[in-house]
1. Compute the signed sum of charges (Lys and Arg +1, Asp and Glu -1) over the other residues within less than 12 Å, Cβ to Cβ, of residue 70.
2. Could you run the Karplus curve 6.51 cos²θ - 1.76 cosθ + 1.60 with θ = phi - 60° over region 183-190 and give me ³J(HN,Hα) per residue in whole Hz, x for Gly and Pro?
3. Beyond a 22 Å Cα-Cα separation, which of these cross-linked pairs lie in this structure: 67/156; 53/156; 80/107; 80/126; 76/122; 76/126?
4. With θ taken as phi - 60° and the coefficients 6.51, -1.76 and 1.60, list the Karplus ³J(HN,Hα) couplings across region 122-132 in order, rounded to whole Hz; mark glycine and proline as x.
5. If packing is taken as the average count of other Cβ atoms within 10 Å, what order do 51-58, 69-76 fall into, highest mean first?
Amino acid sequence: MTSKKILVELSLTVRGNKMKNTTIKQYLGVAFAVSLSISPLLANQNAQSDSYKITFAAVSALELPAKAAAIVYQAKDNQKAVAIAVMTAAIAVNPNSTVAVVAAISKSSPKMASVVATTAAKLQPKQIGQIAKAAAAAAPTEAEQVVIGLAKDQPKQYGLVISAVSQEIPRSAARINEAVYTEVPSLRPAPAVVGSSPVTIVASAPAPIVSSPAPLVQSAPTVFPPFTLKLPGGDTIEASTTGQVTSPEQANDYSAP
């Protein structure tokens, strides 16, 4: 909480409750002490960022990611503050280099991957998916912390973040999801509810397809000539081996010698 916000809240409290002067003085003393402790840190970060802006403005866009990564890597003391200042300055000088700078710093200083990814996503929210993917790809061992940091800072963008990271390291998606749900329980999907009891939906294996044999159909026997076909009324039709069919009227009588 900033000192200005504390003083405003104290002012409202004084007006509403008519607190005693001694109590007011105590609160004002606390607010002043907080402002003294916060101000040097902010001033130092701003001064660092301004210094890095000058440095980055002197290099080309192609050299910027490597230069930023080198500064963070060489910062042995208070590396987190340096990483934030470097990332802020790099984006101010060249916003198009955001993803490349995140990747370069994450590669050379993996422990800072979550820090620079979160800082970059605050300044370039439309690039949050690309930022998450770049940080996770450059520092796969820190992918979980990268996603957790972004999920805490921008929970509404969690779907986009985990989708981007899953493309880079698909085998870790389930583990990262569970870690995020532990750190940010509000992101855990609610179970389906049937009636008054929650129900966990478990996908079942499809039933095996069993095909029954086709019924046997007995077909009529095939008959080749010669044969005699008896018709209703006593007439017959004879078929010879040459395929010619003769009726009784056309047939010759060969019974006589």
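Just so it is clear, none of the values below were taken in a lab; they were calculated from the coordinates. Because the structure is a prediction, the values reported are computed rather than measured. Cβ: placed from backbone, ideal geometry, glycine included. Neighbour counts: every protein chain shown.
1. +1
2. Along region 183-190, the couplings run 6, 10, x, 5, 8, 5, x, 6 Hz.
3. Distance filter (> 22 Å) returns 67/156; 53/156; 80/126; 76/122; 76/126.
4. Here the 3J(HN,Hα) series is 5, 7, 10, x, 5, 9, 4, x, 5, 5, 4 Hz.
5. 69-76, 51-58
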